[in-house]
Each structure stands twice: as structure tokens, then as C-alpha cells.
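Here the structure comes first, spelled out in C-alpha cells, and everything after it is commentary.
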Amino acid sequence: MNRGACRVRRLLLIAVCCLTPLLSACGVLDVFSVDSLLRAPKLTGENARIQRSFEEAVGKDLYLINPLTGTFRSAFVFRDLDGDGSDEALVFYARNETPSEIHMHCMDRNGDEWVSVGDMTGNGSEVYSVDFIDVDADREPEIIVEWTVADSKRNKTLAVYSYRQASSFSETFSQLTVLQVYDYIARDFDFDGKDELLYLSSDANAQTQIIKASLIKYDEAAGGFLPISEVELSWMVELPLESYCDVANGTYRIYFDCLNFDDSYLTEILIFDRENTALLRPFDEQGQDLCLRTKRAERILCRTDAAGVVRVPVRYLYDGSVFYDSETDVNADVYLTEFSVFGTDDFEETNIQYVYVPSENCRMRVESFSETCVMRIQTAERQIRFYRREAPDKLMFSVSFPEQSGEASPQYRVYISSAAQAQGITEETVSRLIEFV
């Protein structure tokens, strides 16, 4: 059974119990039972053989647990854990009688059959994510599991397990480390063939929350992970949301989209200095916190382009442009959001410029007009107007958003002045610039 169905288990039981007199009188209970409603769904083909072997080993009074995020989103996760060229199967499940106790089970192929070789209890009531890391370059990946408690995704328990064939179920998985984290990235940051683990955490007992990034590396002689480097994130970071990384000139750059204390968003950037084996938190050319440059009111996240380069949303004042509310006679600044590439100490390349209009849930690409036009966004009238920069009273084109009812797709009207038409600007030109979010 899937996770969602299990969560309504109590409702099903209550409903069946309440209807028992009526259903018994009608003979309906002879057709199905609560057990049949709660049983895990049947798979087909090779997966059916795995599930049959799995149920023979652990029983049927259980439900499967799907990871909430990440690359692996199925309760059955396949990976060659011992380097023999054949995948093992990890299965995440909980028994109906102990729904808050999640198990990680392992099955291995023996000829044409699947056999159970290991089982362990996890560190939470939900599986947030599953991934793999090679900490010792032996081509036998270790397992990373982020465990969470239901309805609490802020702090996660990250555990790293090694797998080995053993005579006892309890010895199949060996826990290499367990950490309380907000987020993590596993990469070979120093290019020595062995993956390191970078994670974000904070001191729960500190009066003021400071989130720090820690880099650790597995040491075979010590039989565990040892610290390499640690750096504090900006005081502006309240909660990390997404993580990214890329490589430029042999140097890893790490990015974290975060929530700020005032409910705005920002991107924190770190660099791994291979020469000094240290995490660095760069500042811009003026020595300012880069988070001040990446702070934005809207939920705009980093993007990774086709070349694997991370582009960071950076805001700049759109000089001469205003948000205007005629009902309150209040002006507010308009900002350009540029998706820029970070260099060694500042943002270098810009290829796309947006202006976000939260009142209409849309954004407009303006890189082709930002030098020659200014914007006047009239929120009460629900209009976006573009004027010539050198003649601010000369309207070039506008976009109006009429009132709508129901669930219809967003509608808008475009006006093109004769001056804009003379420059080759058409309704189609403007329509291509509008994106609803």
C-alpha cells in the first residue's frame, strides 16, 4: 500500500466499523475485508518477483514508504552495492502495527530468485530522500538516507550506511555517521576520487541561530568521518531551501537558495579552496555580503543551464521605473532580476533580465528594452506601461490585465503605439516577454 492510503487507515477502519451492521445485513463484508484494502499493491514482471520474495520474508501486514524528494522516489531503490555487476534492492516499509517505525530492507539476487539479506530500523517516521556516495573509491557505494519526523521537514537526520554481506541481518548495514542537517551535498570536492560530504546545520542550544556549512571526509584508518572545514553562513539565512553546485577552473562553487528572516529569499554562495582545503564564503569587490545582492522579495530560485552552470538571481534597481498605486498615491522602486554567473569574487555574465509583477503573478523579460525604456506598473489599474527613457511621457506599449472570474487562464491585452510599431515592436513581440508564474 502507498503512504497516502496508509494515512487514511484509521478513517477506513472507523468507516467500516460504523457500517458493519448495515454491510453485514447485506452480505457485503463477504466480498472484501479491511486487510485486502490495506495490502500493498501488486507489482508485475520482475518487480512482482521481488515483492513476492519481500513479502515472504517480512509478511504482508505492512505498507511501503516512498521517499519524499530526490532522484529515487520509489519504495524499491535499485543499486549495485557490492560491485558484483548486479543490483541489490533497498525496500523502505513500515508495519501497520508500528507505523512510526520505518525499516530499510535489502534484497539480493541469487540466480533467478531474490533473497532477503538485511533489515534495519531507521531514524524517523518518514524517508525524506535516498542517495549514494562513494567515500573510499572502492566502487561500492555507501547509502545516504535523510530521515524525518512527519510534518517536520526543517531538520532532518542524515545517516550514511555501508553495505556488506553478512551472516546476520543486523550486520548487513553499518552506520558510518549520523547528523542533524538542513541540507547536504555529496561530491568529490578535492578531486581525489573519494566523495566528501558537505552539510548545513545549526546549534539548537544557541540563543541566536547561526547556520554553518561543514565539510567532512571519510578516513579509513579512523573508521569514520573527520572534519575538513567549516564556515558560518550569512546572518540573513533563516532556512535553506535548495542546493546546487558547479565547477569552474577546477573549483567547486556551492549555492544555497534560502529563506530570510523577513520572508524574502536569497542565495548564499560558498567556494571550496582546494589549495588550502577550506570552505570560503566570498564577498563582492566592495567587501559586501553577497546575500545583499541576491536578496529578493519573490520566490525566485537558481537555475542550472544546459552546460551545468548555475545561474543566480541577482537584483538591480531599474532606474527610472516605479510601481505606482493610485489608490494610496504611493510609489515603490522596480528591480531587475538578472540570472548571473558567479566568478571568483563577483557576478560576471548576465543573459536574462526579468521584472516580477507579484500582483499579476507574472514576470516580463525586459533585457531588450531596459536600456531604452522605463516601466510604470500601475497596480490599481492593473497595467504595465513602457515609456521611452529619454521622453518619459511618451508611451511605447502597455499590457492590461482585465478582471477575470473562475479558473480561466490568465488574460491580457497589449497596446502598441505608432512609435513602437515604427521600431518593429508588435503584439507578438510583447506577448513573448510575458510569463505567468
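What longest range of the chain stays clear of loop-exposed GluC sites (Glu not before Pro) (DSSP non-H/G/I/E/B, at most 12 other C-beta within 10 angstrom)? Write out the running numbers ahead of the final one.
Details: sites that count: Glu97, Glu220, Glu275, Glu285, Glu327, Glu371, Glu390, Glu403, Glu407.
The answer is 98-219.
Per DSSP helix of 4 or more residues, -39500 (n - 2.57); summed, then divided by the residues of the chain. What does that give at 222 nm, rounded to the nearest 500?
Taken over the chain, the calculation gives -3500 deg cm²/dmol.
Give me the one-decimal nm value for the distance between modelled label points at Glu381 and Asp84, 7 Å along each residue's Cα-to-Cβ direction.
Simple spin-label model gives 7.5 nm for this pair.
Roughly how big is the chain's charge dipole about its Cα centre, with Cβ charges of +1 (Lys, Arg) and -1 (Asp, Glu), in debye to the nearest 20?
Approximately 1580 debye in magnitude.
Could you report the chain's accessible area per residue, 1.4 Å probe, as an integer in Å²?
Here the per-residue accessible area is 50 Å².
Taking the simple approach of a point 7 Å from Cα along Cα-to-Cβ for both Gln421 and Glu348, what is their distance in nm?
For Gln421 paired with Glu348, the spin-label model returns 4.5 nm.
How long are the three semi-axes of the equivalent ellipsoid of the range 190-301, in whole Å, if each is the root of 5 times an eigenvalue of the C-alpha gyration tensor, listed from largest down? Provide the component values of the computation, followed by the final result.
On the way: eigenvalues 134, 62, 30 Å².
Value: 26, 18, 12 Å, ordered largest first.
Whole Å is fine, so just give me how far the alpha carbon centre of the range 102-121 lies from that of the range 71-92.
Distance between centres, Cα-based: 10 Å.
Assuming R0 = 41 Å, what is the FRET efficiency of Glu390 and Ala297, from their Cβ-Cβ distance, to the nearest 0.05?
0.90
From the list (1) 51; (2) 25; (3) 44, can you say which value of percent of Cα pairs over 34 Å apart was derived from the structure given?
So the calculated entry is the one marked (1).
Residue separation times 0.36 nm, minus the C-alpha to C-alpha distance between Ser264 and Asn47: what's the value?
Contour length minus Cα-Cα distance gives 73.6 nm.
Give me the distance between the Cα centres of the range 176-212 and the range 369-428, rounded to whole Å.
47
Taking 41 Å as R0, compute the FRET efficiency from the Cβ-Cβ separation of Asn331 and Ala306 and round it to 0.05. It would help to have the intermediate numbers written out before the result.
Details: r = 39 Å, r/R0 = 0.96.
The computed FRET efficiency comes out at 0.55.
For the range 85-164, which trypsin sites (Lys or Arg not before Pro) are both in a DSSP coil and crowded by at most 13 other Cβ atoms within 10 Å?
Sites meeting the loop and neighbour criteria: Arg139, Arg164.
From the phi of every residue in the range 316-332, what ³J(HN,Hα) in whole Hz does the Karplus formula 6.51 cos²θ - 1.76 cosθ + 1.60 yield, where θ is phi - 60° and glycine or proline is x?
Going residue by residue, I get 10, 5, 8, 4, x, 9, 9, 8, 10, 10, 5, 6, 10, 6, 10, 9, 9 Hz, with x marking Gly and Pro.
Between the range 267-294 and the range 318-344, how many Å separate their Cα centres?
26
Rounded to the nearest 10 Å², what accessible area does Ser174 show when all protein chains are kept and the probe is 1.4 Å?
50
Using 0.36 nm per residue, how much length does the chain from Asp192 to Val115 gain when fully extended, once their Cα-Cα distance is taken away?
Extra length from Asp192 to Val115 when fully extended: 24.1 nm.
Test of understanding: what is the full-extension gain from Asp273 to Ala222, defined as 0.36 nm times their sequence separation minus their Cα-Cα distance?
Contour length minus the Cα-Cα distance gives 15.9 nm.
Distance in nm between label sites at Glu367 and Arg432, each 7 Å beyond Cα in the beta-carbon direction?
1.3
Lysine pairs in the chain with Cα distance under 24 Å, only those 8 or more apart or on different chains: how many are there?
Taking the chain as the scope, the lysine pair count is 8.
Report the Rg/Rh value for the range 45-201, based on alpha-carbon coordinates and the Kirkwood definition of Rh.
0.96
R0 = 56 Å: FRET efficiency of Arg95 with Asp284, Cβ-based, nearest 0.05?
0.55
The values are calculated or read from the model by the stated rules, or taken from the named source; none is laboratory data. This structure is a prediction, so every number in the text was calculated from the model and none was measured. Methodologically, a virtual Cβ is constructed for each residue, glycine included, from the backbone with ideal geometry; neighbour enumeration extends over all protein chains shown. With ligands, DNA and RNA removed, areas are computed over all heavy atoms of the protein, side chains included. Shrake-Rupley method; radii C 1.70, N 1.55, O 1.52, S 1.80 Å.
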